[in-house]
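Engineer: The structure's right below; bear with me while I get my questions together.
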Amino acid sequence: MDRLPVEVIGNILSHLRAARDVVIASTTCKKWREACDKHLHMLSFNSDDWPVFRDLTTSRLEILITQTIFQTKGLQGLSILMDDVDEFSASAVIAWLMYTRETLRCLYYNVRTAPNVNILDVCGRQKLELLVLAHNSITGVDPNYQRFVFLKSLSLSYVSISSLDLNLLLTACPKIEFLGLVSPEIAITDAQVTVELTSQTLKKVYIEAISLDKFTLEADKLEKLHLKDCALELFELSGNGSLKHFKMDDVSILHLDIIDPMDDLEIIDVNNFTIIWSKFYQIISKSSKLRRLRLWNVVFDDEVDFVDLESIALCFPELNYLALSYELRDELKESVLHYSLQGSSSMENVTALDLGWTVLDEHFADWVACLLKRCRNLKTLIIHGVVSESKTNVECHMLASFTSSIVQLMRQYIHVNVQFIYE
């Protein structure tokens with residue numbers, strides 16, 4: 001270690017991240033102290049890293065953070081995540097940011113202050129490339145003054161902001177590629193709670209825990225869209241057909257309107273979502289490059305609606321992974337199952353199948369058998385099941401019958417690796 005250049009030691013200590021560990025390491029010797037002072041790139045203050053943080057008074061904690069930051073030169077990454085700490089004084093936080101802002105590339109900021117610190121004013125017009133904000137308030141965005149020329153990634157969690165300011169903030173980031181929104185507090189400007197976002201550079205968007213009347217996203221270069229735990233009356237997406245990965249998890253959308261052509265779509269992952277299959281299929285039917293399709297715990301809005309396996313086989317010739325959960329209404333189960341299994345088109349490229357049930361019945365094994373016939377080159381089959389703790393005799397008999405049927409069926413497919421996952 002003595003032979004290592006001081007710059008290399010600084011790089012190694014930067015990977016420790018946690019400020020407490022860095023300070024302890026710096027006491028090793030004079031060379032390591034110099035590395036911390038002059039060549040440290042990343043520093044993190046996290047209330048979860050060291051329980052003692054929660055026991056210190058706010059003023060004492062401010063002094064410790066100030067002393068540690070002011071002993072460094074040229075920090076490129078700063079993380080201050082204080083979830084369980086009372087409000088800091090705004091003057092102390094501004095001092096930390098002013099001291100480091102000229103060299104900062106990454107800032108993770110979750111600090112409650114009194115009064116609120118306007119991060120855009122302090123860090124605008126600098127070299128930030130990644131900004132993660134939580135429990136903050138953003139008002140009066142001016143794209144001409146609060147400009148982030150180098151920013152590529154922006155994440156806002158539990159941030160209070162209006163729809164207009166959010167769109168202006170995107171305008172102030174001409175190179176932004178990723179936007180993450182987690183439970184934002186959208187200021188209401190009219191009778192409807194709406195968000196309209198436009199960006200020519202966004203490639204990835206992650207949205208979680210949002211409840212709105214209308215959400216409109218216009219992004220010509222968007223490649224990945226992930227919606228999670230959202231309740232939207234209308235979601236509208238428009239672009240130039242660059243979308244490749246579309247994921248929805250625990251989402252409620254009354255009207256899904258995708259104007260963006262879906263020709264280049266490669267991955268669709270839908271979990272816990274109510275859909276009208278015919279309309280959803282119409283949106284994705286031209287995605288001939290689709291490689292992965294997952295429809296899990298999907299509820300059909302129409303009683304006679306079902307996933308048409310024949311359409312999937314014909315429209316997605318490059319599909320290599322398929323995941324379907326078995327969800328059929330009791331009163332129409334036999335007729336719907338009959339129509340859903342019609343056709344004989346094969347899925348030649350499918351090598352992995354994930355199949356599951358919430359309520360097991362006598363038709364599930366037949367449904368599995370039909371899918372196996374279509375997937376001639378299958379290598380892996382994973383069966384997911386829900387098994388209740390207290391089972392009746394009928395349920396025990398059903399599970400035993402299913403097990404026997406699968407054992408018999410898989411004798412015809414000895415080359416397929418079968419796995420069972422029960423919960």
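The values are calculated or read from the model by the stated rules, or taken from the named source; none is laboratory data. Please read these numbers as outputs of a predicted model, since none were measured by experiment. Cβ coordinates were reconstructed from backbone atoms using ideal geometry, including for glycine residues, and neighbour counts include every protein chain displayed. The protein model used for the area step is the full one, side chains on, heavy atoms only, and it has no ligands, DNA or RNA in it. Shrake-Rupley method; radii C 1.70, N 1.55, O 1.52, S 1.80 Å.
Engineer: Of His15, Gly343, Tyr321, which is farthest on the positive side of the dipole of the chain, counting Cα position, with +1 on Lys and Arg Cβ, -1 on Asp and Glu Cβ, and the Cα centre as origin?
Structural biologist: So the residue we want is His15.
Engineer: Computed FRET efficiency, Cβ-Cβ of Arg17 and Lys279, R0 41 Å: what is it to the nearest 0.05?
Structural biologist: Plugging the Cβ-Cβ distance into 1/(1 + (r/R0)^6) gives 0.30.
Engineer: Sticking with this one: Using Cα-Cα distances under 8 Å and only pairs 6 or more residues apart, what relative contact order does the chain have, in percent?
Structural biologist: With pairs under 8 Å counted, the relative contact order is 6 percent.
Engineer: Still on this structure, please answer the following. Which value, in debye to the nearest 20, gives the size of the charge dipole of the chain about its Cα centre, when Lys and Arg are +1 and Asp and Glu are -1 at the Cβ?
Structural biologist: Charge dipole, the chain, about its Cα centre: 2260 debye, nearest 20.
Engineer: What number comes out for accessible area per residue over the chain if the probe is 1.4 Å? Units Å², please.
Structural biologist: It amounts to 49 Å² per residue over the chain.
Engineer: Name all residues of the range 59-81 having a backbone nitrogen under 18 Å from the label point set 7 Å from the Cα of Ala25 along its Cα→Cβ direction, giving them as ranges.
Structural biologist: 68-80
Engineer: Once both labels are modelled 7 Å past Cα along the beta-carbon direction, what's the Asp49-Ile63 spacing in nm?
Structural biologist: Placing both labels 7 Å beyond Cα along the Cβ direction yields 2.1 nm.
Engineer: Along the charge dipole of the range 58-172, Cβ charges K/R +1 and D/E -1, which of Pro143, Val85, Ser163 sits furthest on the positive end?
Structural biologist: Farthest along the dipole direction, towards plus: Pro143.
Engineer: Counting only residues 5 or more places away or on other chains, whose amide H sits under 5 Å from the amide H of Arg294 once H atoms are built in the peptide plane?
Structural biologist: It is Ile268, Asp269, Val270, Ala323, by chain and number.
Engineer: Could you check the simple spin-label distance between Gln200 and Asp2, using points 7 Å along Cα→Cβ, in nm with one decimal?
Structural biologist: 5.9
Engineer: Same structure, new question: Can you tell me, using C-alpha contacts under 8 Å and at least 6 residues apart, the relative contact order of the range 133-189 as a whole percent?
Structural biologist: Here the relative contact order equals 43 percent.
Engineer: What FRET efficiency comes out for the pair Lys38/Thr139, r = Cβ-Cβ distance, R0 = 35 Å, nearest 0.05?
Structural biologist: Using R0 = 35 Å, I get an efficiency of 0.35.
Engineer: Answer with a single label: of (1) 59, 58, 41; (2) 79, 56, 43; (3) 73, 55, 41, which was calculated as Cα extents along the principal axes in Å from the structure in view?
Structural biologist: Recomputing Cα extents along the principal axes in Å here gives the entry labelled (3).
Engineer: Using a 1.4 Å probe on the protein heavy atoms, what percent of the accessible area of the chain belongs to carbon and sulfur?
Structural biologist: On the chain, the fraction of accessible area on carbon and sulfur atoms equals 50 percent.
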